[in-house]
1. Return the loop-located trypsin sites (Lys or Arg not before Pro) in the range 1-92 (DSSP other than H, G, I, E, B) with at most 15 other Cβ atoms within 10 Å of their own Cβ; answer none if there are none.
2. By a straight-distance test (C-alpha under 15 Å), which aspartates and glutamates pair with K169 as possible cross-link partners, with residues fewer than eight away in the same chain excluded?
3. Starting from the Cα coordinates of the range 56-95, work out the convex hull volume and express it per residue in Å³.
4. Do any chymotrypsin sites (Phe, Trp or Tyr not before Pro) in the range 114-217 lie in a DSSP loop with no more than 11 other beta carbon atoms within 10 Å, and if so, which?
5. Using DSSP to define loop residues, name the GluC sites (Glu not before Pro) in the range 135-215 whose beta-carbon has at most 10 other beta-carbon atoms within 10 Å.
6. Using the heavy atoms of the protein chains and a 1.4 angstrom probe, tell me the accessible area per residue for the chain in square angstrom.
7. From the Cα trace of the range 1-50, what convex hull volume per residue do you get, rounded to a whole Å³?
8. In whole angstrom, how far apart do the alpha carbon centroids of the range 109-134 and the range 21-85 sit?
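The values are calculated or read from the model by the stated rules, or taken from the named source; none is laboratory data. These numbers were taken from a predicted model, which means no experiment stands behind them. Note: ideal-geometry Cβ built from the backbone for every residue, glycine included; neighbour counts use all protein chains shown. All accessible areas refer to the heavy atoms of the entire protein, side chains included, with ligands and DNA or RNA removed. Shrake-Rupley method; radii C 1.70, N 1.55, O 1.52, S 1.80 Å.
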Amino acid sequence: MIDTQPFVDGSVRRVLAFGAHPDDLDFGAAGTIAKLTSAGAEVQYCIMTDGDAGGFDARTPEEITALRHAEQRQAAQAVGVNHVHFMGERDGFLAPTYEVIGKVVRLIRQVRPDIVMAMHPERNWDRIQRSHPDHLACGEAVTRAIYPAVENPFSYPELLGEESLAAYKVPWLWLYGAPTERENAFVDMTEHFESKMTALRAHFTQHPDVAAMERFVERQCRGNARRGGLKGDYAEAFHAVAVNADDTIAGF
């Protein structure tokens, strides 16, 4: 088990958090993000698809995209995030292609975060809804980008020449929505649970039954706190991976 307290006590300066759709980060990590921003960290979001296939009415994809962008910006502000990048991929068809990975590499080299957050690339058979193909593709694209492309100057050489974006070694990758057996890091975000809920309520196009959504999230976060052995009532769970630790050497 990884002790997450040193990460949320003000030592983390920058976090770049990826989600496949608007609202994914709010379900998986918004309480932790609120805790990080309240401790002084700068957190930026990257939403990889426009969420244009989500909703429960007859709006056009263009209308849905505009609404979901607005919802995500509002949700981000609720947890102290002021910068949201929209990658613009098509909802339902995200894939870890050379082009998509290149966009991830570019953004990570621009932001140079201490922690990258992303969705887990492994399917969760206990709750397959967590494993939307776009979720898996988000995790796979970000993981492939982090190692080796972000830290390899020979990967995407145009980023060096045209944009002067030097290679960068990411210290930590935190994956949310992980299969239970992969979870090794739990963040007590009890004091920020209401901020998480405020962020989730901002996604009004996605919740035909808000009360049911709230009950589900509360139950899930209480369960996380119990599994993590935490004193607080609510927690979020991650599969935390040390990408470049003190003992890391090239290729191993």
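1. Working: sites: R13, R14, K35, R59, R68, R73, R90; in loops: R13, R59, R90.
Answer in residue order: R13, R59, R90.
2. Once the sequence-local aspartates and glutamates are set aside, what remains near K169 is D114, E151, D246, D247.
3. On the way: hull volume 3.8 nm³, N = 40.
Roughly 94 Å³ of hull volume per residue.
4. Values: sites: W125, F154, Y168, W172, W174, Y176, F186, F193, F204, F216; in loops: W125, F154, Y168.
Filter output for the range 114-217: W125, F154.
5. Details: sites: E140, E151, E158, E162, E163, E181, E183, E191, E194, E214; in loops: E162, E163, E183.
Passing both the DSSP loop test and the Cβ count: E162.
6. Working: 11600 Å² over 252 residues.
Per-residue value: 46 Å².
7. So the per-residue Cα hull volume is 76 Å³.
8. 15
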